[in-house]
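Here the structure comes first, spelled out in structure tokens, and everything after it is commentary.
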Amino acid sequence: MSSLTEPPAAHQATRVKRERGLKTQQSLLIAAGNVFSRLTYSEARLKDVAEEAGISQGALYFHFGNKHDVARAVLSAQQDRMRFVLDEVLAMPSKTGIERILLLMESLANLMASDELVQAGILLSTQPGTDLGIHSKRPYEEWTTVTAKILKQGIADGSILPALDVQATANVLNNIFVGAQTLAGIKDKWISLPARIEAASDVIILILTTPTPGSN
């Protein structure tokens, strides 16, 4: 005899179907990320995404409709994954402010170097004429906001210089990261980004801990 808490067969079937659909969407996003990481938006076709995912174009149309929808979903996923890193580092316990800053830059660099969906979103966001309606600068604005919060934490715990201009320094750190990201993207599709950020760590520590002439 069935338990009173067991869902009816119809409800169970609906739940299984929904879970299967979500898994298919995730597979399609990963496939689309792979395609957009090697082809421009104008070059990529829905057929390419379907073949990458190993499904029919009909199934792709069912989940996303058109190439514009697929690209928007990739951009949204890229921003979600970058935001997750920001939130994770911000909430991390037992770390000083300066440790969090270095860890944040390292974590974002590793994400961009290894995640093709994130790489695809970065490429899509820098291409002209896509008109995807998603603000590509948003993750970097959030990055700067989180960095400013961590800098304040570092000033409070004594790991960062008290006289630091928090907002100006957050902007400088963002510029350092984006510069390294741009160079790595041009040279080797972000493979070298973690090494570039690691090489900059000593300079970043100096910026955060060394008094400027005339400061008290």
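Show me the three semi-axes of the equivalent ellipsoid for region 17-129, from the C-alpha gyration tensor (sqrt of 5 times each eigenvalue), largest first, rounded to whole Å.
Largest first, region 17-129 gives 31, 16, 10 Å.
What do you get for Rg/Rh of region 166-216 when both radii come from the Cα atoms and Rh is the Kirkwood radius?
Details: Rg = 13.1 Å, Rh = 12.0 Å.
Ratio of gyration radius to Kirkwood radius for region 166-216: 1.09.
Solvent-accessible area of ARG83, probe 1.4 Å, all protein chains present, reported in Å² to the nearest ten, please.
Approximately 70 Å² for this residue.
What Kirkwood hydrodynamic radius, in Å, does region 58-99 give when the mean of 1/r is taken over all pairs of distinct Cα atoms and then inverted? Spell out each step's value before the answer.
On the way: mean 1/r = 0.0789 Å⁻¹.
Averaging 1/r across every pair of different Cα atoms and inverting gives 12.7 Å.
Once phi is turned into ³J(HN,Hα) by the Karplus curve 6.51 cos²θ - 1.76 cosθ + 1.60 with θ = phi - 60°, what whole-Hz value does each residue of region 88-103 show in order, with x for glycine and proline?
Calculated HN-Hα couplings, in order: 5, 5, 4, 8, 5, x, 6, 10, 6, x, 5, 5, 5, 4, 5, 5 Hz.
Starting from the 7 Å offset along Cα-to-Cβ, what nm value, one decimal, do you get for the label separation of LEU103 and ALA91?
It works out to 1.3 nm between the two label points.
Say R0 is 25 Å: what FRET efficiency, to the nearest 0.05, do ARG83 and LEU183 get from their beta-carbon distance?
Result of the calculation: an efficiency of 0.55.
In whole Hz, with x marking every Gly and Pro, tabulate ³J(HN,Hα) for region 161-166 from phi via Karplus 6.51 cos²θ - 1.76 cosθ + 1.60, θ = phi - 60°.
Values per residue, Gly and Pro as x: 3, x, 7, 5, 7, 4 Hz.
The values are calculated or read from the model by the stated rules, or taken from the named source; none is laboratory data. This is a predicted model, so every value here is computed, not measured. Cβ: placed from backbone, ideal geometry, glycine included. Neighbour counts: every protein chain shown. Protein only, heavy atoms only, side chains kept; ligands, DNA and RNA dropped before computing areas. Shrake-Rupley method; radii C 1.70, N 1.55, O 1.52, S 1.80 Å.
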